[in-house]
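The block underneath contains the structure these notes are about, expressed in structure tokens.
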Amino acid sequence: MKLFQGKGFQVIYSKESEELQLAMDFLSQVHRHLRVEYKDRRAFLTPFVHLLADPGKKHGMKGVSRLARTLYLLVDFMDADGGTNTLNARCIESELYRLYNELYPEA
């Protein structure tokens, strides 16, 4: 058994074939992500924070968890250590809340 692993999925197969190679090539292309370095994270996330700000509440956002999960699937937010580690959905959600609290401090 062999394993092909991508972000959020894995394929186990027993023998290689042309069809399998085409499928793995396709999966690799589909799952290429935009890469956001640590130094660019704030600038990238700021427009989303403004969109999530809930005008119906005195202080809060709406749809943060859903956006964080979507961004996790589409964007590789690189960790601050400069390595190859990326943030998971929960960390992205925390970043959105942290940035919101910086941009919209409670009065």
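The values are calculated or read from the model by the stated rules, or taken from the named source; none is laboratory data. Computed from a predicted structure; not experimentally measured. Note that we place each Cβ from the backbone using ideal geometry, even for glycine, and neighbour counts take in every protein chain shown. Ligands, DNA and RNA are stripped out before the accessible areas are found, and what is left, the full protein with its side chains, is counted by its heavy atoms. Shrake-Rupley method; radii C 1.70, N 1.55, O 1.52, S 1.80 Å.
Just a few scattered comments:
- Close pairs from the range 36-52: first hydroxyl-bearing (Ser, Thr, Tyr), partner in a helix (DSSP H, G or I) and surrounded by 15 or more Cβ atoms within 10 Å (Cβ to Cβ), Cβ under 9 Å, at least 6 apart: Thr46/Leu99
- Odd one out for Arg98 among (1) surrounded by 13 or more Cβ atoms within 10 Å (Cβ to Cβ); (2) under 27 Å from Leu3 (Cα atoms): (2)
- Residues that are open to solvent by less than 90 Å² (accessible area, probe 1.4 Å) and closer than 24 Å to Gln5 by Cβ occur at least once in the range 37-56.
- Ser65 fulfils the conditions (1) of a type in the set (Gly, Ala, Ser); (2) under 17 Å from the mean Cα position of the chain (by Cα); (3) modelled with pLDDT under 90 except for a single criterion, (3).
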